[in-house]
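Have a look at the structure below before the remarks.
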C-alpha cells in the first residue's frame with residue numbers, strides 16, 4: 001500500500017510539472033507570430049548603418065551568419081530567415097546579412113524561422129529569451145546548420161553573441177533590406 005501511495009504522490013507531483021512545462025513551451029512559442037509572413041529580402045552593400053539605441057530603448061541586431069555553412073548554393077539561393085519578437089515579425093535576412101530594431105526594456109522572446117526543404121518545423125525554428133535594458137545593444141546570430149548528405153537534414157540556431165563578436169559580424173555583413181509581401 002505504501003508503494004501505491006508513493007506512486008500516486010509522484011504522479012500528482014508530475015502533473016503540475018508537466019502543466020508547467022507545457023505553459024513554458026506555449027510562452028516560448030508565443031515569440032513566433034501565429035500569423036504567417038513572407039518577406040521579400042535583398043542585401044544592400046551601399047549603406048551600412050550601425051545606430052545606437054534611442055533614449056529609453058535597447059537595440060537588437062540580428063545577424064545571419066553562413067560562413068560555416070557547407071551547403072552548396074545557400075548564399076545565392078532563396079533561403080530567408082525571419083525574426084519575430086514577442087509574436088511580432090520584425091524582419092528577415094537572406095544569406096550572411098544583418099538588420100536591427102529597437103526594443104523596449106524588459107523580458108522578451110525572440111523567434112527565428114527558416115523555410116528549407118523537408119526539414120521538420122521544430123528544426124527550422126529557434127527560440128531565445130533575453131532581458132533588455134535601456135541604452136544597451138544586443139547582438140544575436142542566426143546560423144543555418146546542415147548535416148552532410150545523404151540525410152539533407154537542416155537545423156537553425158539563434159544565439160546571443162558578445163558585443164565584440166557582434167560588431168565584427170555586422171561589419172563583415174551587408175545590410176538586409178526587406179519588405180513584407182502582401
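The values are calculated or read from the model by the stated rules, or taken from the named source; none is laboratory data. The shown structure was predicted, so the numbers you read here are calculated from the model rather than taken from an experiment. Note that we place each Cβ from the backbone using ideal geometry, even for glycine, and neighbour counts take in every protein chain shown.
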When you go through 141, 124 one by one, which is the residue that is within 16 Å of the chain's Cα centre (by Cα), assigned by TED's automatic domain parsing to the domain that holds residue 89, modelled with pLDDT of 95 or more and crowded, with 18+ Cβ neighbours inside 10 Å?
-> 141
Taking the residues in segment 144-162 that are touching a strand residue (DSSP E or B) at 6+ places or on another chain (Cβ under 7 Å) and modelled with pLDDT of 95 or more as candidates, determine which candidate is farthest from residue 29 (Cα to Cα).
-> 161
All positions within segment 95-121 that are assigned to a loop (DSSP other than H, G, I, E, B) and at pLDDT below 90 | 95, 96, 115, 116, 117, 118, 119, 120
Please find, within segment 20-36, the residue that is modelled with the lowest pLDDT out of those that are part of a helix (DSSP H, G or I) and loosely packed, with under 12 Cβ neighbours inside 10 Å.
-> 20
Inside segment 164-182, can you point out the residues that are within 17 Å of residue 92 (Cα to Cα) and loosely packed, with under 14 Cβ neighbours inside 10 Å?
-> 179, 180, 181, 182
